[in-house]
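The next block holds one structure in the form of structure tokens; read it before the comments.
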Amino acid sequence: MAKIIDGKAVSLEVKEALRDKCAEIAASGKRVPCIAVIIVGDNPASRSYVRGKLKAAEFTGFESRLAELPEDVREAELLHMIDGLNKDAGVDGILVQLPLPGHIDEDKVLDAILPEKDVDGFHPVNVANLWLGRPCTVPCTPKGIIKLIESTGLEIAGKKAVVAGRSNIVGKPVAKLLLDRNATVTIAHSRTPDLAALTREADILVAAVGRPGIITGEMIKPGSVVIDVGINRTADGKLTGDVDFASASEVAGFITPVPGGVGPMTIAMLMENTYDAWLAMQER
Ligand code: NAP
């Protein structure tokens, strides 16, 4: 039976460490780290993610600012707001909750955030620097995934890793981070003919597809580390991952649950990125 990788516990450790640092900053009379969150429209999932991020900011003692814009906000208005936050020396991190309504060009919006305030790590400069192996803001979910794998004590170097999914926010960056740690990485996607043949060879399997239960126990190498990134909602409203937990946990060595695995880590990494942005701002 697999050991559960407790994302809630690991993320709590990260947030507690940040809370301690923040308390020290406040005690020294300095300005504490500040994250500005912009949400457009009323998407219930987005609202719930934003609530989670603001709650984490409150826990760590960071300042947070929330801007709620209507669904029909003009792109120019959103860009103007980002410009103001870019220039605001009291703001370390800017996060625009995605997805944005169809009439807004998401790329234009992400490009408008100063790379040093891009705590999501989605700005092209940060993406390029990640792939070049230069200092950058590492995107939150992939960064959290690596911390969860490391929490097992497993040596990543030399292992076969399979990443199912090639999105810009999860699949590609997590593959790069695994490569940086000297895993031999295969990226699978919707055109991969025999996913199971690949996953059965994987010492580390990251499932980031967005299809409930696409990874079953028979697709998993015995003893491997299985990270389930998927967040899917079943007909009765429950959250479920991309991995069929019941069958997979019989075979894997370590497995993340959904909820309580990658999700809380993503938020903890956002706080870490905000702290790092604050630190960089102090040094400028
Ligand atoms: P995405 O942009 O929709 O990408 C999904 C990827 O899965 C695509 O690359 C797609 O391939 C691939 N795919 C589709 N069918 C496949 C199949 N049969 N076999 C192998 N690959 C297949 O999704 P995403 O944004 O990366 O998110 C993935 C999941 O993670 C979603 O459930 C999302 O909600 C969740 N998520 C969770 C967190 C968290 O904090 N826990 C953060 C972000 C995302 P193609 O490129 O060929 O289309």
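More than 16 angstrom separation, counting every C-alpha pair in the range 1-54; what % is that?
When every Cα pair of the range 1-54 is considered, 64 percent fall beyond 16 Å.
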For ALA252, what residues show an amide H to amide H distance below 5 Å, using hydrogens built from the backbone and excluding near sequence neighbours? ALA2, GLY223
Based on the Kirkwood radius over alpha-carbon pairs, what is the Stokes-Einstein translational diffusion coefficient of the range 131-208 at 4 °C with 1.567 mPa s viscosity, in µm²/s? 102 µm²/s
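For HIS189, HIS80, what's the largest-to-smallest order of accessible area, 1.4 Å probe?
Descending order: HIS80, HIS189.
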Heads up, I need the accessible area for PHE245: 1.4 angstrom probe, whole protein in place, Å², nearest 10. 80 Å²
If you bin every alpha carbon distance in the range 191-284 into 10 Å steps from zero, what whole percent lands in each bin? 17, 39, 24, 13, 7, 0
Rounded to the nearest 10 degrees, the helix 140-151 long axis (Cα) sits at an angle to the longest Cα principal axis of the chain of 50 degrees
Expressed per residue, the solvent accessible area of the chain in Å² (1.4 Å probe) is about 47 Å²
Summing +1 for each Lys or Arg and -1 for each Asp or Glu, what net charge is found among the other residues whose Cβ lies under 12 Å from the Cβ of ARG166? +3
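Could you give me D for the range 95-135, from Stokes-Einstein at 25 °C and 0.890 mPa s, where the hydrodynamic radius is the Kirkwood radius over C-alpha pairs? Units µm² s⁻¹, please.
Estimated via Stokes-Einstein, D reaches 227 µm²/s.
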Summing -39500 (n - 2.57) over every DSSP H run of at least 4 in the chain, dividing by its residue total and rounding to the nearest 500, the 222 nm mean residue ellipticity is -13500 deg cm²/dmol
Computed E for HIS103/ASN182 - FRET, C-beta separation, R0 35 angstrom, nearest 0.05: 0.20
Excluding GLU106 itself, calculate the net charge of residues whose Cβ lies under 13 Å from the Cβ of GLU106, where each Lys or Arg counts +1 and each Asp or Glu counts -1. -4
Over the range 245-284, how many percent of alpha carbon pairs lie in each 10 Å bin up to the one with the longest distance? 26, 29, 22, 16, 7, 0
Let me cross-check LYS108: its accessible surface, 1.4 Å probe, with only protein heavy atoms counted, in Å² to the nearest 10? 100 Å²
³J(HN,Hα) across the range 253-259 via Karplus (A = 6.51, B = -1.76, C = 1.60, θ = phi - 60°), whole Hz, x for Gly/Pro? x, 9, 8, 8, x, 10, x
Would you kindly state how much longer the chain becomes between ASN86 and ASP72 on full extension, computed as 0.36 nm times their sequence separation minus their alpha carbon distance, in nm to one decimal? 2.8 nm
Give me the percent of the accessible area of the range 198-284 that comes from carbon and sulfur atoms, probe 1.4 Å, all protein chains in place. 54 percent
Which percent of the accessible area of the range 19-161 is formed by carbon and sulfur heavy atoms (probe 1.4 angstrom)? 53 percent
Rounding to the nearest 10 and keeping the result within 0 to 90°, find how far the Cα-based axis of helix 171-180 lies from the longest principal axis of the chain. 80 degrees
With everything on Cα atoms, drop me the angle between helix 75-87 and the longest principal axis of the chain, reported from 0 to 90° to the nearest 10. 80 degrees
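Can you tell me the mean projection area, over all orientations, of the convex hull of the range 25-182's alpha carbons? Units nm², please.
Convex hull of Cα atoms, orientation-averaged projection: 11.0 nm².
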Calculated SAXS-style log₁₀ I(q)/I(0) at q = 0.27 Å⁻¹ - the range 38-118, Debye, Cα scatterers: -1.47
Heavy-atom accessible area of ARG65, protein chains in place, probe 1.4 angstrom, given in Å² to nearest 10, is 80 Å²
For the range 202-245 versus the range 248-270, the gap between their alpha-carbon centres in whole angstrom: 10 Å
Distance between modelled label sites at SER46 and LYS3, nm, 7 Å Cα→Cβ extension: 4.0 nm
For LYS21, go through the lysines and keep the ones whose alpha-carbon is under 28 Å away, minus same-chain ones fewer than eight residues off. LYS8, LYS30, LYS53, LYS55, LYS87, LYS117, LYS143, LYS147
Ratio of alpha-carbon Rg to the 2.2 N^0.38 Å globular estimate for the chain, to two decimals, please. 1.01
Give, rounded to the nearest 20 debye, the magnitude of the charge dipole that the chain has about its Cα centre when Lys and Arg contribute +1 at Cβ and Asp and Glu contribute -1 at Cβ. 460 debye
Got a sec? What order do TYR49, TYR275 fall in by accessible area at 1.4 Å, biggest, i.e. largest, first? TYR49, TYR275
Residues with beta-carbon under 10 Å from that of ASN126, excluding ASN126: net charge, scoring Lys, Arg +1 and Asp, Glu -1? -2
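The values are calculated or read from the model by the stated rules, or taken from the named source; none is laboratory data. Model, not experiment: these values are computed from the prediction. We place every Cβ from the backbone using ideal geometry, glycine too, and count neighbours over all the protein chains shown. Each accessible area value is taken on the protein alone, full model and side chains, heavy atoms only, with ligands, DNA and RNA left out. Shrake-Rupley method; radii C 1.70, N 1.55, O 1.52, S 1.80 Å.
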